[in-house]
Amino acid sequence: MNRQAQAVILLLLGGAVIRASVTDLYLRYVKEGLRPFLIAAGLLLIAAAIMTLWYELRPPAPRALTPADGSGVGHDGHGHAHHEPRIGWLLILPVLGLLLVAPPALGSYAAGQAGTALSSQQQSDYPPLPEGDPVQVSVLDYASRALFDRGTSIGDRRVQLTGFIATGADGQPILARMVLSCCAADGRPVKLGLTGDVPAGLPDDSWVEVIGRYSDRLGRDPVNDAEIPYLEVESWRQVPVPKRPYD
């Protein structure tokens, strides 16, 4: 692949990164706080592509021919032109995929392959829940309070959580949400067992909003044998996939 083709791919890749960064698409790949770095990286790729194209397409400086030049300029010693391997253009396919296809967020399959992310956390004190009835909390916050604080900071408060449905080890629905340290490549699930008015009749990866109360019941994750807290569900409703699918 010649430099002009490489520059075109760089330009498309930079454009794809910028497009993802100025929309909510980037949230499928990285945490929200990394947006400025993505924009900077996209701009650098575009600048490198433009400079490469300018260098390659500028008119060549005139120079006098010498006998040593012969008639084989741009050819090998037998007068045959060099051709770059065309297979290099296949590199443009993943770039076009990034431009044209919005990948789904990590869901129930990824949750089933990885152990709950709470296994390595330590017990600590938790501040009181914010005002509201029900109070909106993340799956991670509720699971941490239920597991390491044994529900002390939750008390009898009603909580509202949003996550996706996955199938637990016993075949029953669980509520899960993927958490990221940096990007989707290091995403790990936080899992909650459900009792009470458990969402029924929904396929895996359906997003639901549940309202419930703390339950002292605990389960075990079959992947890493970590404890999984439960939520006593009072009501639930199906919701669209949120703009920010990761905690």
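The values are calculated or read from the model by the stated rules, or taken from the named source; none is laboratory data. This one's a predicted model, so the numbers in the text were calculated from it and none came from an experiment. Because the Cβ atoms are built from the backbone with ideal geometry, glycine has one as well, and the counts that use them run over all protein chains shown. These accessible areas exclude ligands, DNA and RNA; they are computed on the full protein's heavy atoms, side chains included. Shrake-Rupley method; radii C 1.70, N 1.55, O 1.52, S 1.80 Å.
Rundown of residues vs (1) buried (at least 17 other Cβ atoms within 10 Å of the Cβ); (2) modelled with pLDDT under 80; (3) in contact with a Pro (Cβ under 7 Å, 6 or more places away or on another chain), yes/no style:
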residue: Asn2; (1), (2), (3): no, yes, no
residue: Gln6; (1), (2), (3): yes, yes, no
residue: Val17; (1), (2), (3): yes, no, no
residue: Ala20; (1), (2), (3): yes, yes, no
residue: Val30; (1), (2), (3): yes, yes, no
residue: Phe37; (1), (2), (3): no, no, no
residue: Ala41; (1), (2), (3): no, no, no
residue: Ala47; (1), (2), (3): no, no, no
residue: Leu53; (1), (2), (3): yes, no, no
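Only residues that are in contact with an Asp or Glu (Cβ under 6 Å, 6 or more places away or on another chain) and open to solvent by 30 Å² or more (accessible area, probe 1.4 Å): list them for segment 212-233, please. Passing the criteria: Arg213, Leu218. Given the criteria within 19 Å of the chain's Cα centre (by Cα), open to solvent by less than 60 Å² (accessible area, probe 1.4 Å), at pLDDT 90 or above and not small (Gly, Ala, Ser), does Thr116 qualify? In short, no.
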